[in-house]
Amino acid sequence: MFDFSSGELLLIALAVLIFIKPKDLPMVLRTVGQWTGKIRRMAGEFQDQFREAMREAEMADIKKDIDEATGKIGTGLDPFKDDPFKGLEESTAWKPPETTSTTPPAADAPPAPPAEAIAAPAAPAAEPAAASSEPAAAPPPAGGDRAA
């Protein structure tokens with residue numbers, strides 16, 4: 001706290017011996033010691049009170065942080081606000097695997113028909129309906145070739 005070197009302390013002691021009579025010196029040193037003790041006690045009490053105030057401030061900050069955290073927890077788990085299992089049924093429902101045309105066919109599989117052949121059968125299906133408007137030939141008799 002006070003930076004006194006040994007030379008400075010020796011100078012102060014010499015000044016005290018010059019200005020204070022040797023018979024009064026023990027009483028003065030006792031008084032100085034008492035004052036020093038009182039000052040140290042007051043400094044210790046001040047430090048203790050300061051530390052106590054800091055602990056209370058830290059406790060208040062910690063309490064505030066805990067209250068904020070518990071407040072967030074309470075509002076975050078509202079069972080009536082949001083359904084926590086929302087989307088669970090969609091995610092667990094069975095879906096057929098998607099087939100992609102990028103997989104090569106098996107080596108023994110027949111070749112795929114051309115795109116024209118796939119689109120062509122739709123047009124001939126309309127022709128028999130138009131052909132049915134012509135009179136159809138009578139089917140042969142079920143009994144064979146017997147003449148009656």
Under 9 Å by Cβ, and 6 or more places apart or on different chains, what pairs join a residue from segment 5-20 that is without any contact (Cβ under 8 Å) to a residue 24 or more places away in the chain with one that is assigned to a helix (DSSP H, G or I)? V16/L25; V16/V28; V16/L29; L17/L25; I20/V28
Out of the helices (runs of 4 or more DSSP H) lying entirely within segment 1-102, which hold 1 or more residues that are at pLDDT below 75 and basic (K, R)? 25-76
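The values are calculated or read from the model by the stated rules, or taken from the named source; none is laboratory data. Worth saying up front: this structure is predicted, and the values here are computed from it rather than measured. Ideal geometry is used to build each Cβ from the backbone, glycine not excepted, and the neighbour counts take in all protein chains shown.
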